[in-house]
Amino acid sequence: MLVTQESVVTEAQNGIGWIKLNRPHALNSLNVEMVAAIYKQLKDWKQDSQIALICIYGEGEKGLCAGGDMRTLYDLKEKGVEAYAEQFFSTEYPMDYEIHRYPKPVVVYMNGIVMGGGVGLSIGASHRIVTETTKWAMPEMNIGFFPDVGASYFLNQMPGYIGRYLALTANIVKASDVLYAGVADCYLESKNWPKLRQAMMEKRWSLDSAEQEINQLLKQYSLSISPPSSLLSSEQEKIDQHFQFETIEDIVSSLNTTAEKGDEWAEKTVNTLLSKSPTSLKVTLHQLQEGKDKQLYECLEMEMNVAMNFMKCHDFYEGVRSVLVDKDRAPKWNPAVLEDVSEERIASFFHYSWNNEQNPLTTLTGNKKYSC
């Protein structure tokens, strides 16, 4: 049975539930309708004994998903942005959480761009496939926002301080680094995806053997393939040296000290940091510190408060304007320097006054995840 919606296509066939993100003109970026459709389908298939395996992929060659549709939030700034944002995040986050604890294997094909909300879709899956074209990032710092979709949980699971580094710099990494960071499981040449997909479609899948059989198929199609060596691995020592500090100012100072000795990596990294919103930098570091000892559902609940407060933040709209609207890449942050962002200002992002006095995510419980 094929069910088509404007931006999501779902199909059940031979025990596989296929979910295709179908907005290639927008790099499959997520809107309210998409996250609602995906979330509903996941819940329906969870109860369906005829569905043994889920597979999520994106239409087109450019990527799985470029993230949430932040332009829509920008356009609603003066007319109901908070109501729309609450609807979007209170659906997207439980959808992502559902994937983390899904009782059936979930395969995600992470070809091309996998950023922000695309990371949220893939991070909790049991079988996460990257290719030579994968471009993975949490790019929210570029638009004066913060890394969400559970980032305060999964970025803390990465080796050393790599999670902090990727969050604060918004750097894009490729397949080898995604594997090294522990947020992908399998490497596949993109030319083999049609063959793997066909092999999956030709099998008749059952609940009791799905995990074993998908493991076998992935081994078969990626058996002799290995990605180039990880750049993050070679930079691990430098990343840990500079990003271990508990304030942005100390991280910047550490990088500056090394940059003054002629270290090009440190100079490039500190310049990257100083181009970001000072507010976003400080809120994000605090977010990661807070998330270190939290469960996933607690992190999502915390991030919902932060996300809603960013809907009232100048830097979010200025960041979206500079990247997605005017595209001049010349944001004017306010405050413009780190020293002008107070501790009280940072703390204010973590408390939000809900109309019904309850965060919509307070009902999330448990935390189960497959491993590939």
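The values are calculated or read from the model by the stated rules, or taken from the named source; none is laboratory data. Remember, predicted model here, so these are calculated numbers, not experimental data. Here Cβ is always computed from backbone atoms with ideal geometry, including for glycine, and neighbour counts include all displayed protein chains. Protein only, heavy atoms only, side chains kept; ligands, DNA and RNA dropped before computing areas. Shrake-Rupley method; radii C 1.70, N 1.55, O 1.52, S 1.80 Å.
Structural remarks
- For a straight C-alpha distance cut-off of 20 angstrom, the lysines reachable from Lys312 (same-chain residues fewer than eight places away being disregarded) are Lys77, Lys79, Lys276, Lys282, Lys332.
- Sum of -39500 (n - 2.57) over DSSP H runs of 4+, divided by residues of the chain (222 nm, nearest 500): -13500 deg cm²/dmol
- Residue-wise HN-Hα couplings along region 319-328, as the Karplus relation 6.51 cos²θ - 1.76 cosθ + 1.60 with θ = phi - 60° gives them from phi, are x, 4, 4, 6, 9, 10, 9, 7, 6, 8 Hz; Gly and Pro carry x.
- Solvent-accessible surface (1.4 angstrom probe) belonging to His100, in square angstrom, nearest 10: 10
- Dipole magnitude of region 1-140 about its Cα centre (Cβ charges: Lys, Arg +1; Asp, Glu -1), debye to nearest 20: 300
- Placing unit charges on the Cβ atoms only, positive for Lys and Arg and negative for Asp and Glu, gives region 189-285 a dipole magnitude near 660 debye about its Cα centre.
- Label-zone membership for region 229-258, site Glu344, 7 angstrom Cα→C-beta point, backbone N under 17 Å: none
- Rounded accessible area per residue of the chain, 1.4 Å, Å²: 43
- GNM top mover of Val337, Val114, Val183 - the chain, alpha-carbon springs below 10 Å: Val337
- Taking all protein chains together, Ile113, Ile172 sort by accessible area into Ile172, Ile113, largest first [probe 1.4 Å].
- Solvent-accessible area, 1.4 Å probe, carbon plus sulfur percent, for the chain: 45
- Legend: calculated FRET efficiency, Leu76 to Lys43, from the Cβ-Cβ distance at R0 = 35 Å, rounded to 0.05, equals 0.80.
- The solvent-accessible area of Met302, taken with every protein chain present and a 1.4 Å probe, is close to 20 Å².
- Exposure of Ser7 as accessible area (Å², to 10), given a probe of 1.4 Å and all protein chains: 10
- Those lysines that a straight Cα-Cα span of less than 20 Å connects to Lys20, excepting residues fewer than 8 apart in one chain: Lys40, Lys43, Lys46, Lys62, Lys104, Lys135, Lys191, Lys195, Lys203
- Per the Debye formula on identical point scatterers at the alpha carbon atoms of region 259-318, with no solvent, log10 I(q)/I(0) at q = 0.20, 0.23, 0.29 Å⁻¹ is -0.84, -0.94, -1.14.
- Rg/Rg_ref, region 107-260, where Rg_ref = 2.2 N^0.38 Å and atoms are Cα: 1.18
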